[in-house]
Amino acid sequence: MLVREAEETFGGGTRSAELTLPGFVHDVCSSIHPFVPGSPALRELPLGEHGLELVQPDAPLAHPLDDGSAVMLERSVVDTAAGLGLDGDPYRRLLEPLLGDWGKLEAAVLGPLTAFPSHPVAMARFGFHAARSATGLAAHTFRGERARALFAGCAAHSMVPLERSPTAGFGLVLLLGGHRFGWPFPRGGSQQIADALVSLLRELGGELEAAAPVDSLEALPRTRSVFCDVSPEELVRIGGGRLPRDYLRRLGRFRHGPAAFKVDYALEEPIPWTAAECSRAGTVHLGGTLQEIAESERAPWRGRHAEQPFVLLAQHSLFDSSRAPHGKHTAWAYCHAPNGSGFDMTERIEAQIERFAPGFGERVLARSVLPPSELEARNRNLVGGDINGGAATLWRLAARPVTKLNPYATPARGVYLCSASTPPGGGVHGMCGYLAARSALDKGL
Ligand SMILES: Cc1cc2nc3c(=O)[nH]c(=O)nc-3n(C[C@H](O)[C@H](O)[C@H](O)COP(=O)(O)OP(=O)(O)OC[C@H]3O[C@@H](n4cnc5c(N)ncnc54)[C@H](O)[C@@H]3O)c2cc1C
C-alpha cells in the first residue's frame, strides 16, 4: 500500500504545530475527538500501541452564561441533568433511551444516511428526534434557557442554521458521544493520531510519501484500487482522464458549507473564567443563549459575519502539560464565517471570550490567526475554509457527494472517494475511509 500526501507532513485535519511561540503545541485543525474512541473503524486499530494516549478532561464541555454560571456536560447523564433545573427530567427522558441504544445506532449514525439500518426500531426512535431542527427539538423538549443553550451549542457544530433539519441530530450525537466516550483529545496534540496511524501502517508494510501531490489519477502506479481522500473539486481536477463527464459534472455541483475562522493563543496563565467550573472542561462553548447561537449560525449561511459569533474553544494545557512550557497555557478557538470569507473575526472572537472571562486579553502572549484562505492553503480539502467536507444539510448528507447507492465507488473501476465529502461527513472518525475500503472488499478489490 502506498500513501501519497500533498503537504510536507502527514495528518490532514489532525496536524499539530508550534503556531505561536516555541514550546506551545497547537492543533492546526481538529482538536477534540469523541469519535476516535467512538469510531468502529478506529477502535479496531491498536493505536495505543503506537503512541496514542487520549486525555479525558474532568468534564467534556462547559457552556457559560451571562449570569456568571455555566451549564456543564458531564460524563454522566444524571450529573448533567442535575445542573439543568426543571429540564433535568426531560433531559434524562430524551438522552437515556438513546444512550442505551447507542450500540445499535452507531453503524447507522456513522454511515450512509441512505443505507437500510440493521436496527430499524432503534433507528426510528433516534430518527424521530434527530431529523428535527435543533430549535424545534429544544423548544418542544426544554423549558429553561440552560438546557436549550447546551443543546444549541452542540447542534451548532453542524454549521447549518439551527432552524433547519437535521441539526437536532448533530446536537444529539455530540451529547451522546460526550456521555458514552467523553470529549477527549490526544496527549501531545492531534498530530499523535496521524503519527500512530503512520506508525501502524509502516509496521504493516505500507509506504508513505510526503510532499507528493497527486495531480492526475492516470499518473499513479498501476494498482487495483485507488482511495482518494480529496474534495470533489480535487477529484474533478485529478480524475478528468478516468471519470466520465456526467459524474464530473455532478461533482461540480457539490455545495460547500460555511468556513472556520481560527485563532490559537499562547497564554501567560489559564483563562480567567467568571464561572470557575469552566476550568473543569476541555471544551467551552461561547455564545450565550439558544437564540443568540441560532442568530450567529444564520449569519454565515447568508454571507454575513455574526457580530457575536458562536465560539468553540478548547483549553488542552489545563489537562495536558505537554502542550505548553511549564506554567504557561494554550487556547484553541474558532467561529463560523461565510465560505471563502476574507473578513477578520479575531476581535469578535476575543470579545466573546472576554464576555465570559474578563481579563483574558491581558494573558495573551501571542496569537496565530488562520482565516479560511490560510486553512485551505495548508490543506486543499478545506475548500473555502469548509471544515466538514461539504454543507451538512439533510439533502447533502443523503447525496454525498452525489446521489448514488454506493457513495464511495466512482464510475471508474477501482477508484474510490473517501474524504469527508462522503458519508458520514466531517470529523475525525476514519469512517469514510473504512466504508470505502469495505466497499472495495465487497467488490473483490
Ligand atoms: C479548524 C478546524 C477545526 C476542527 N475541529 C474538529 C474537531 O475538534 N474534531 C473533529 O472530529 N473534527 C474537527 N475538524 C474537522 C476534521 O478535521 C475534518 O472533518 C477531517 O479531518 C476531514 O478528514 P478528511 O480525511 O476528509 O480530510 P483531511 O483530514 O483534510 O485529509 C486530507 C489529506 O489529503 C491531502 N490531499 C488532498 N488532495 C491531495 C492530492 N491531490 N494529492 C495528495 N494529497 C492530497 C491533504 O493535504 C490532506 O492531508 C476540524 C477542522 C478544522 C479545519
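The values are calculated or read from the model by the stated rules, or taken from the named source; none is laboratory data. Quantities reported herein were computed from a predicted structural model and do not represent experimental measurements. Backbone-built Cβ (ideal geometry, glycine too); neighbour counts: all protein chains shown. Keep in mind that these areas ignore ligands, DNA and RNA; they rest on the heavy atoms of the full protein, side chains included. Shrake-Rupley method; radii C 1.70, N 1.55, O 1.52, S 1.80 Å.
Could you give me the residue pairs with C-beta distances under 6 Å whose first residue belongs to region 364-378 and is in a strand (DSSP E or B), whose second residue is more than 12 Å from the ligand (Cβ to nearest atom) and open to solvent by less than 70 Å² (accessible area, probe 1.4 Å) wherever it lies, and which are 6+ apart or on separate chains?
Val364/Tyr265; Leu365/Ala266; Ala366/Thr20; Ala366/Leu21; Ala366/Ala266; Arg367/Tyr265; Ser368/Thr20; Val369/Thr346
Residues Ala333, Ala266: which one is within 22 Å of Leu73 (Cβ to Cβ), part of a strand (DSSP E or B), open to solvent by less than 50 Å² (accessible area, probe 1.4 Å) and not polar (S, T, N, Q)?
Testing whether each residue is within 22 Å of Leu73 (Cβ to Cβ), part of a strand (DSSP E or B), open to solvent by less than 50 Å² (accessible area, probe 1.4 Å) and not polar (S, T, N, Q) leaves just Ala333.
Looking only at region 310-330, which residues are assigned to a helix (DSSP H, G or I) and either surrounded by fewer than 24 Cβ atoms within 10 Å (Cβ to Cβ) or within 14 Å of the ligand (Cβ to nearest atom) (or both)?
Pass one, region 310-330, residues assigned to a helix (DSSP H, G or I): 316-318, 321-323.
Result: His316, Ser317, Leu318, Ser321, Ser322.
Can you name every residue in region 403-419 that is part of a loop (DSSP other than H, G, I, E, B), β-branched (Val, Ile, Thr) and within 15 Å of the ligand (Cβ to nearest atom)?
Thr410 - this is the single residue of region 403-419 that is part of a loop (DSSP other than H, G, I, E, B), β-branched (Val, Ile, Thr) and within 15 Å of the ligand (Cβ to nearest atom).
Identify all residues within region 199-216 that are touching a residue at least 60 places away in the same chain (Cβ under 8 Å) and within 12 Å of the ligand (Cβ to nearest atom); write none if there are none.
Leu208, Glu209, Ala210, Ala211, Ala212, Pro213, Val214, listed by residue number.
When you look at Pro34, is it of a type outside the set (D, E, K, R) and surrounded by 21 or more Cβ atoms within 10 Å (Cβ to Cβ), yes or no?
Yes, satisfied.
Within region 217-232, take every residue that is open to solvent by 20 Å² or more (accessible area, probe 1.4 Å) and under 16 Å from Gly12 (Cβ atoms) and give me the one that is farthest from the ligand (Cβ to nearest atom).
This residue is Phe227.
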